[in-house]
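In what follows, a structure is listed as structure tokens, so that the remarks can point back to it.
The values are calculated or read from the model by the stated rules, or taken from the named source; none is laboratory data. Because the structure is a prediction, the values reported are computed rather than measured. Positions of Cβ are backbone-derived with ideal geometry, glycine not excepted, and every protein chain shown enters the neighbour counts. These accessible areas exclude ligands, DNA and RNA; they are computed on the full protein's heavy atoms, side chains included. Shrake-Rupley method; radii C 1.70, N 1.55, O 1.52, S 1.80 Å.
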Amino acid sequence: MATELKLFGPPRLILDPSSSPALAAKALGLLAYLALERGAHPREELAALLWGESPDEAARTSLRQALKQLRHLLGEAIQISRVTVELTHAVECDVRQFTDAAIRSPRDAILFDVPRFLHGFVVRGAPAFEEWVTTTRRSLLQSYQQALRTLVLEALAQSRWHDGLEMTARWLISDALSEEATRLSMEALYLAGERAAALDHYREFSDRLERELGTRPGVRLAELAKRIEQDIQSGPSPSPADPAVPRGPTFNVPLLGREAPWHMLMDAWSACCAGEGRVVVVEGEAGIGRTRLAEEFVRWATVKGATVLQGRGYHPQSLIPYGPLAEALQGLVEAPGVAGTPAEYLAEAARLLPELRRKFPSLGTTPAPADAGTSWRLVEGIAQMILSAAVERPTVVFIDDVQWCDNDTCVALQLLARRIAGASVILIVTITAGDLDHDIPGSHLCRVLRLLPQTRVASIEPLSRDEVWQMIRSMGHIQLPTEGVRFATWLHERTDGVPLFLIELIKVLFSTGLLVVNPETMEWKVPAQVGPDALDLVPVSRSLQDALGRKVMILPEALRDLLSTIAVGVGGVTIGVLARVHGVSRIQAAALAESLVKRRLIYESGGSYRCTHRVIADMMREGLSPVRRQELHRALALSLEAAAGAEMSLDMATTMARHAERGGLPALAYRSALQAAEMLSVQGEPKEALVWIDLATSSASGASERQAVDAATAQILARAGWEERPPSSSSALTDEEMQQEDLDLGVLERRAPAVDTFIGPNRRRRTPVHQN
């Protein structure tokens, strides 16, 4: 093992793992100086450094004694001549390792305990050495804080707010009066949604400055605090905590799997600050997190000092002309730079924003346009106001759900997208994929925006299994390294990684008592009394039903009926079967199915159509009355029988048997179940064959049919070489269930009152819903 000199913390020399010899303070100080100030040093310099207050002869004598002690411990690692002293590279020093890491990798550099450089080490009667220690400590702290600064900026640029908070906390430990560290800490708190905590942090820092230095925070920090305070005043106030209500689970989680679109937004910001306008189209299916991503960026731009204008499209039946723009432009009334807008354009814009007349009383009255052909003046007035605001500071215009925007708003956004090419403006629009018919204004707007050279398209994809696991670990405060892996896998399979579906499903698990929160650690746990039989099927939450219901309710009746049939079909429905069930031609059925595909409600695979997400299928099935659900099963079974003819496949036989049994067609269920059992037996799957034998038994009527079932059972056992039936280990007739081991979380032995809490309609009530 190489000789090591540790200077972070109390200094010590380590010769081997079991040897750390005691050195006199000045000898250890001399070794520290030689280790950090590489090269040969004159004896006079070293004597003056550590024994400067002693007479020359005494100083030289003390130096010789210290060098003798070091030579005895280090051997040839220290080179001593009559004139100079030099320490070779044979002695490794943690400070040298830190300085190398600070150049190579900031993430490695912050692993060193730099603030504790020579902690508690005092050398008496050596003012020159103390001055050197002070200067060196200051230099090391600057490098350490620069590494932290690099990592904080990197974390905030990648939307890792909590990582940024951790780094700024370490920065402030080393320099509690750093205004930059305080500002970045406030930004991270605000971006993480902790607005009040950000303001509290500002007040604490302000009080500390006043108390210790007699000064006040700088203008930039004060402006940030003012922006956060204005945001708190304009936003909804959080409900006061009720001490009588126990704490429940929280679902705040950092952005995951959104690195590429976030970097696209960061690139747009860089271009915007350089005076190049950008249009960013954020697209994805419902619940995928488009709005969350855009809102995170809008908050980020807010703390950077941007003028932020936000509006959103509403339900297509409430098409108020310029409604989303009027909502967004409210933020322009008091924005700096608006006063530079030419008066004639301000007067035009005042028709949409009457508040401008209160701020600028001298504006003349502009009559409403006589026809649509002259309405461009209003649109130009809006664009001119935004461009004037952008002269003062970067401006972000965010319009959510443009698929619901009226034609006037879409036309205005097209003009604005063209006008911002040379301005410090970012136009962000979010689009729900699948909600765009080809002929609606939002669809046309999307096609136009995609053609512009300044447009970037960010497509949001579902989360992967690993990202779902990371989400669970973060929200559930899970400590063990592999805990929750199977649970995350089950969630991913159930929701396909759509964040909205994930959160709503987890809420249902809490509301039904399948998950609880440890009130001490806030970790997610499984109640001890939950057994495998309790974890059967989980209902779709009411809020998710409402969200998806709005998407489904705007469908034409023919499309809703087709979607219901596909949802009941579960394993996939072919065009031929859809055409038979709905009494239309195959061409008509294909056209209807294609329309649902464009809306991202179903997808086609292997010639069959399925719902894109199990949540959609569950919601559609649960929305059907028992009678209608049974009739759909009946129609599917009969259509499959007609389509099969003499050529019956295993998949067709099992699907037909399942639908016939649930559709009240026992004779058809009996025949198709026997066929499925025979095919599985021939294929060497006796256990699965016996499952369908059970269905045939329950559907049989009359002695002859029961005898046929017994004969088929005997034949299956003979082929398998069994003398009797084995215990049934699976059931092909039940839908996928979640077993207790899938919830591979810790077990909470005693259910504390604090864990039985959930905001929702099913609080403290378990209502498992089985698919039919």
May I ask you to rank M475, M266 by accessible area, largest first, using a 1.4 Å probe over the protein chains only?
M266, M475
Volume in Å³ per residue [convex hull over Cα atoms, computed for region 66-145]
129
Stretched out fully, how many nm does the piece from N252 to E557 gain, at 0.36 nm a residue minus the Cα gap?
106.0 nm
Inter-part distance where region 28-47 and region 622-689 are each reduced to a Cα centre, Å
89
Can I get the semi-axes of the chain's equivalent ellipsoid? Compute them from the C-alpha gyration tensor as square roots of 5 times the eigenvalues, in angstrom, largest first.
64, 43, 22
Ranking by accessible area, most exposed first, for K525, K687, K359 with a 1.4 Å probe
K687, K359, K525
Using a 1.4 Å probe and ignoring any ligands, DNA or RNA, find the accessible area of Y190 and quote it in Å² to the nearest 10.
10
When a/c is below 1.5 the answer is rounded, else prolate if a/b is larger than b/c, else oblate, so apply that to region 381-519 with a ≥ b ≥ c taken from the square roots of the Cα gyration tensor eigenvalues.
prolate
Mean residue ellipticity (222 nm) of the chain, computed from DSSP H runs ≥ 4 via -39,500 (n - 2.57), nearest 500
-16500 deg cm²/dmol
Express the C-alpha Rg of region 573-727 as a ratio against the empirical globular expectation 2.2 N^0.38 Å, rounded to two decimals.
1.18
Taking the Cα-to-Cβ direction at I587 and at E130 and moving 7 Å from each Cα, how far apart do the two end points lie in nm?
9.8
Residues L111 and E594, FRET efficiency given R0 of 60 Å [Cβ-Cβ distance, rounded to 0.05]:
0.60
Mind grabbing the accessible area of D200 for me, 1.4 Å probe, Å², rounded to tens?
80
If DNA, RNA and ligands are ignored and the probe is 1.4 Å, what is the ranking of K598, K26 by accessible area, most exposed first?
K598, K26
Which of the lysines could a cross-linker bridge to K525, judged by Cα under 21 Å and excluding same-chain residues fewer than eight apart?
K507
Debye intensity ratio in log₁₀ form over the Cα atoms of region 64-213, taken at each q of 0.08, 0.09, 0.21 Å⁻¹
-0.35, -0.43, -1.32
Obtain the nm distance between the two label points defined at Q230 and E493 by a simple spin-label model: each point lies 7 Å from its Cα along the Cα-to-C-beta direction.
5.2
State the extension gain, in nm to one decimal, for the chain segment bounded by T84 and R96, taking 0.36 nm per residue of separation less the distance between their alpha-carbons.
2.1 nm
Relative contact order of region 1-69, defined on C-alpha pairs under 8 angstrom at six or more residues apart (%):
21
Rounded to the nearest Å, the spacing of the alpha-carbon centers of region 691-715 and region 403-480 is 57
Region 607-674: GluC sites (Glu not before Pro) falling in loop per DSSP and having at most 12 other Cβ within 10 Å:
E647
Taking Cα pairs closer than 8 Å and at least 6 residues apart, the relative contact order of the chain in percent is 10
Per the Cα gyration tensor, region 17-76 corresponds to an equivalent ellipsoid with semi-axes, largest first in Å, of 21, 13, 10
Work out the FRET efficiency for A326 and S605 from their Cβ-Cβ distance, taking R0 = 35 Å, and round it to the nearest 0.05.
0.20
How much length is gained if the chain between H444 and S698 is pulled fully straight, taking 0.36 nm per residue apart and subtracting their Cα-Cα distance, in nm to one decimal?
85.8 nm
Return, for the Cα atoms of region 540-633, the radius of gyration and Dmax in Å, separated by a comma.
12.3, 37
